[in-house]
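Single-structure report; data block below.
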Amino acid sequence: MRYAETGYNLEIDLSRGNIERVETDPKETELYLGGLGTNAKLLWDRVPPEVEPFSPDNLLIFSAGLLCGTPATGCNRTIVTTISPQTELMAFSMMGGFWAPELKHAGYDKVVLRGKSPDLVYIWINNDKVEIRDASHLKGKGAIETAQLIQEELKEPRAQVAAIGLAGENRVYFASIEQGRSSASRQGLGAVMGDKGVKAIAVRGTRDINVAQPDEYMELCNEVLEYIKWRNENPIPGVMPILAGLGSPQEMKVHDEKWHTENFMWGNSRVRRKGFWNQEIAKEWMDTMESLRTRLISCYNCPMRCGATITPPGAPTYMMKCFSKLTYTMAAFSDLEFGLGIAQSATEYGVDGFSAPQVMAFGLELLENGILTDDDFPGMPEDNEGRFYWLLERIVRREGIGDVLANGTYWAAREIGNGAEEYAHNNIKKHEQLPLKLSMLNPIYFLMYCTGEKINITQIEGQFPQMPYPKREHREAFVKDWFQVPDEKFKQYFLDWEPRGENSIPYYPTPEMCCDIVDWQERMHYIDDALGMCAGLSSFPLKPPYHIHNYPKFISAGAGIDMDEDLLTQAIRRYRTLVRANNIRRGMRRKDERPPEDHWKKRFPELEQKLLDTYYQFKGWNKDGIPTQESLHDLGLDYVYEEFEKRGVYSDNGPDHGESSSDATSAGKEKEG
Amino acid sequence: MGEKNKKIVKTIKVNADECNGCRACEVICSAFHAEPKYSSNNPARSRIRVVRDPLRDIYVPVYAGEYAPAECMGRDKYVIDGKEYEECAFCRASCPSRDIFKEPDSGLPLKCDMCEGEDEPLCVKWCITDALTYEEREEEVEEQPEQDDLEMGLDALTNKYGMDKIIETLARMSEAKQG
């Protein structure tokens, strides 16, 4: 008997219309846990680097995490994995909501899609019965609308539906997959789903999910729930509101947006508005939120209220989460009502709430600076807000300039040329980042930005405070009940971290300490992504209920796999390395691992090189960021080494993603393809 | 006249306005009632279900009540504050008209037992958003001597046929049996 997992994947070949239920090897679970871990293995085994994102041979994997659907609070995430059309690397984006537990109850851990359907279809998984159904009547429908229509036609309101909107159908490089109150948004997973001709996957399950040691498991779950209650009543003092509590974060609940609006950049990640937040705006935005918000809502089996149902005037209700609350508002220099309004359209069309507003602001910046002209924007309204709505329409339909912008700022800039590249200034590995521009280099964030293969800082950071506390007594108070640390030394790192002087950034924490800190932060996210745990209860907040000390017990009691901290750390290193191996095989190298050039004003080239050297060595990677033979062997990944050798990876610097003309051609081809 | 007796009334107060729709109540209910306890979970077996339609802001946690062998002659539909609730949304019965409150494989009816043996029902314990809270209160009830089933049946027959007819019939049946 398999515990926590079901032991079966659904393999669907869309070209042939073939559906198979395939038993998985429990040994793979031990080695790679599940979710992201086993997804990385499937991609390694079956998607060689020659496979283009929009090739029928690309896989699109929807995976429940190992512990999804068990009573562990907040364990509900679906990990979606494919090759990204935007970065051309392994993409893995997660969504909360209700889909992954339902898939487990239907009897599957993953849905693996390959091939391409000639016509638009949706997949209906109802326990043992799995069908590929015609979706021609859903063409062009919004993602939320699609979910409702499918539930109605199946007469199954309890079916959970993950769907794409028009952006996914039209292969917009930052198209999302929307589901429940959540979405898998980053890196264009929705575009791959659209390319495969799949409008939606609906799932309903009524089977049991078993755990190996029921009493032990329930005790762990109860401890977590008690701690959440305690933590809700005891927010962390001295940090911005969203970091004081738990959650992913609970943005819909928080009214005080001083920190985001004054520290994050407006427009195309350009303008910092110090002093923006005043009483008048605070009141206006609170009134907006209170009048448009119907209810604070949660994902499956989680008491955190990170989402909300929002009804903008004259528009249908949708479910809003997280920082998309502000991204449209800030990109357009507008107000909260505009942001919550356009997000309704953006959710139905299914676009990433980080990239989409930035791409639109980028387009308008090019117009203001004469790189694009009015002829490129025929019929665009004069007013600021109207322009954003107009651009969104063009992008999701791939009409005119929208067709260029639909590839994201990196590819669009290359296609437009004429100096447009300067304006695509906020990318890492071709992917739009949070609009943050800061002064002094932060060595911890430098490493995370460079080497994080999620390519999205909010999904890499956490655990360790973002900045030092001003006074030692505050730091002492903070470390007092900081039991989540993997080792006591982390407390000392924080205690000695000063805002100014010798022990301040960029030289403190030292490169060696930064390695420890970044490795811890990354480790927690990688565990979450294999288990299906929401980062909002684990890797993202300070002092979370799940940590390196109780996770091994959860895995032992839940999945029946003997686990301790060392074994777990080793397993994470294994599949984390496999994620990197997939990308290295696709050409990613050290030269790709850098933050946006203007992310920090004060840069330290020598220190930065030292940071990377030290971190690579710490991780068992060579100077070029490639895992070494020795480290691969230690992790039982000799097969990766063999493949690297066969392909001459160690002697190859990877394809040149610089400014060469051959690359511009491939961008053009990408668009037509 | 019956005697005055004290009785504990157990009440789960459902504040639907506070429900966040997470269904933790369904998870823990099905885990508690699994055999062996906590060995599995499955909301389809839960004795509490959240009738839930987020886009219409409908959240109704409903508990499994009595088994009804036949469905009602008609169905009910509520509209409250402009929101139309699905048919029989507030009904607790395990009934042929719908698939909730039945074991998914056998179809046997399920009924909330308030988690016997626990300090409070576990759905309440796990609902830390306080949509579900638990109250116990003492109530004085007038204890009527309980009629048993046989007596109830005979009472009904007497009303219909008259006492003489019933006695006559019983006597004849008894003779026939002995003879």
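Readers should treat all values here as calculations from the given coordinates under stated rules, not as data from a laboratory. Since this is a predicted model, take the numbers as computed values, not measurements. Here Cβ is always computed from backbone atoms with ideal geometry, including for glycine, and neighbour counts include all displayed protein chains.
One table, with the values for the structure above:
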item: Cα-Cα over 31 Å, subset of A:430/A:619; B:7/B:165; B:13/B:83; A:196/A:429; result: B:7/B:165
item: Neighbourhood net charge (10 Å Cβ-Cβ; Lys/Arg +1, Asp/Glu -1) for residue A:296; result: +3
item: Karplus (6.51, -1.76, 1.60) ³J(HN,Hα), θ = phi - 60°, over region A:414-421, in Hz, Gly and Pro reported as x; result: 5, 6, 6, x, 6, x, 5, 4
item: Reachable lysines from residue A:491, criterion Cα separation under 20 angstrom, eight or more residues apart if same chain; result: A:471, A:480, A:543
item: Karplus (6.51, -1.76, 1.60) ³J(HN,Hα), θ = phi - 60°, over region A:321-335, in Hz, Gly and Pro reported as x; result: 9, 6, 7, 4, 3, 10, 5, 6, 3, 6, 4, 9, 6, 10, 10
item: GNM top mover of B:154, B:55, B:132 - chain B, alpha-carbon springs below 10 Å; result: B:154
item: Point-charge dipole on Cβ atoms (K/R +1, D/E -1) for region A:222-326, about Cα centre, debye to 20; result: 300 debye
item: Disulfide-incompatible cysteines by the Cβ rule (no partner under 4.7 Å) in chain B; result: B:19, B:22, B:29, B:72, B:95, B:112, B:115, B:127
item: Charge tally in the Cβ shell below 13 Å around residue A:3, where Lys, Arg are +1 and Asp, Glu are -1, residue A:3 excluded; result: -4
item: Rounded, prolate or oblate (a/c below 1.5 giving rounded, otherwise prolate when a/b exceeds b/c) for region A:331-439 by Cα gyration tensor; result: rounded
item: Listed residue pairs exceeding 28 Å between alpha carbons, taken from A:274/A:321; A:116/A:325; A:489/A:610; A:155/B:77; result: A:116/A:325
item: Under 15 Å from residue A:258, Cα to Cα: aspartates and glutamates that are on another chain or at least 8 residues apart; result: A:280, A:284, A:335
item: Filtered trypsin sites (Lys or Arg not before Pro), region A:257-348: DSSP coil and at most 13 other beta carbons within 10 Å; result: A:274
item: Dipole in debye (nearest 20) - the protein assembly as shown, about Cα centre, beta carbon charges: Lys, Arg +1; Asp, Glu -1; result: 1080 debye
item: Whether region B:3-143 is rounded, prolate or oblate, judged on the alpha carbon gyration tensor where a/c under 1.5 counts as rounded; result: rounded
item: Cα-derived Rg to Rh of region A:212-317, Kirkwood definition; result: 1.08
item: Other-chain or far-sequence residues with amide H under 5 Å of residue A:24's (modelled H); result: A:8, A:9
item: Using alpha carbons only: equivalent-ellipsoid semi-axes of chain A, gyration tensor based, whole Å; result: 32, 31, 28
item: Relative contact order for chain A, counting Cα pairs under 8 Å that sit 6 or more residues apart, in percent; result: 16 percent
item: Lys, Arg +1 and Asp, Glu -1 on Cβ, resulting dipole of region A:459-583 about Cα centre, debye, nearest 20; result: 220 debye
item: Percentage relative contact order, region A:438-651, counting C-alpha pairs under 8 Å, at least six apart; result: 26 percent
item: Region A:467-561: C-alpha gyration tensor shape, a/c 1.5 cut-off, then a/b vs b/c; result: prolate
item: Helical contribution to [θ] at 222 nm, DSSP H n ≥ 4, -39,500 (n - 2.57), averaged over the protein assembly as shown, rounded to 500; result: -11000 deg cm²/dmol
